Amino acid sequence: MEPYQPLSRSIAGKKAIVTGAASGMGRATAHLFASEGAQVAVTDLDQGKCDAVVQEIADAGYDGSADAWALDVSNPDVITAVVGDIAQAFGGIDILVNNAGFAIPADVAEESYEKAWSPTLEVMLSAHQRMIRAALPHLREAEHPRIVNVASTEGLGASPGNSPYVAAKHGVIGLTRGLAVDLGREGITVNCICPGPIRTGITDAIPEEHKTIYAKRRVPLRRYAIPEEVAHMTLSCVLPSAAFLTGAVIPVDGGLTIKNA
Ligand code: NAI
């Protein structure tokens, strides 16, 4: 029998970009990666909010570190420039987490539908491929290159009044699978997380009693998750030891998507 092969579960020294990292799951991911020794680019719309997360990470005294970059992922020119800056400042990119997003309700019968469509598809689908293509030359140089796309359980099914978001999130799953196939020969893994109901900026406005009713009715674990619980799954996907995991679509949803009644 071959000797047992210990595989590395360390991302110490890895250089990671997280989009939408000023809040919610992106912020939790930035903290977790830095706590595991990685060098993290905290990117989001507002420089001040990125700086605040970087300060939190510095104050926490982790082994890793973080730096802030303002990055609006809906702007293709900015994406190329900022990803290049980060790669230069860090001396490479090993990990990309496409996480930035928002939720705009969209009633298909209303004029405003069109207004919700384009920004939703830009930020939550087109930006993923643009970030990946901008990071690709650097990922190709990495020893264990990893891409994680944050989709949603709305990529696996659909809630009412939300179809641009549903379309974007289904698209993220398709993009993940397509690129996992295309980039597999280079050893670049591309995986996708599908969070269920999580306590973040996006769900902040939902009243607590509605959250409780929804969770008890729909979620086997009967609660919303905290963003750290999703960040830990993202970490699992980017470990050097996750080298044979690609094209995976991983619900982190408390059982939401397997419950029929
Ligand atoms: P959040 O609101 O706490 O964080 C999202 C971050 O993305 C914010 O800091 C926001 O400024 C940033 N962002 C928005 N547009 C951007 C742009 N154009 N460029 C750069 N950054 C931008 O929300 P959350 O929940 O942490 O969202 C993260 C991801 O998780 C999103 O893709 C969302 O669709 C997804 N998701 C969230 C769920 C939830 O229940 N909270 C469930 C399933 C998926």
* Expressed as an acute angle from 0 to 90° and rounded to the nearest 10, what is the orientation of the C-alpha long axis of helix 24-35 relative to the principal long axis of the chain? -> 20
* Extension gain, Leu221 back to Asp77 (0.36 nm per residue minus Cα-Cα distance, nm) -> 47.6 nm
* **FRET efficiency, 1/(1 + (r/R0)^6) with R0 22 Å, evaluated for Arg9 and Arg185 via beta carbons** => 0.30
* Asked: What's the angle, to the nearest 10 degrees (0 to 90), between helix 208-218's Cα axis and the longest principal axis of the chain?
  -> 90
* Structure fact -> proj_area_mean for the chain (convex hull on C-alpha atoms), units nm², value 15.8
* Determine the gain in length on full extension of the stretch Arg140-Ser118; use 0.36 nm per residue of separation and subtract their C-alpha separation, reporting nm with one decimal. => 4.8 nm
* Asked: Gain in length, Gln55 to Ile206, computed as 0.36 nm per residue apart minus the alpha-carbon separation, to one decimal in nm?
  -> 51.5 nm
* In nanometres, what is the gap between the two model label sites at Ala243 and Glu111, each 7 Å from Cα along Cα-to-Cβ? -> 5.9
* **Cut-off of 10 Å, at most 11 other beta carbons, DSSP loop: longest stretch of the chain lacking such chymotrypsin sites (Phe, Trp or Tyr not before Pro)** => 5-243
* Structure fact -> Per-residue ellipticity at 222 nm attributable to helices in the chain (runs of n ≥ 4 DSSP H, -39500 (n - 2.57) apiece, nearest 500 deg cm²/dmol) works out to -13000 deg cm²/dmol
* **Positive-end residue of Pro197, Ala16, Trp69, charge dipole of the chain with Cβ unit charges** => Pro197
* Asked: If you line up the long axis of helix 227-238 against the longest principal axis of the chain, both from Cα atoms, how many degrees apart are they, to the nearest 10?
  -> 40
* **Positive-end extreme of charge dipole, segment 15-250 - chosen from Tyr224, Ala116, Ala41 (charges on Cβ)** => Tyr224
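Read-outs: derived from the displayed coordinates by stated rules, not from any lab. All figures in this text were calculated on a predicted structure; none of them were measured in a lab. In this analysis, Cβ positions are derived from the backbone assuming ideal geometry, glycine residues included, and neighbour counts consider all displayed protein chains.
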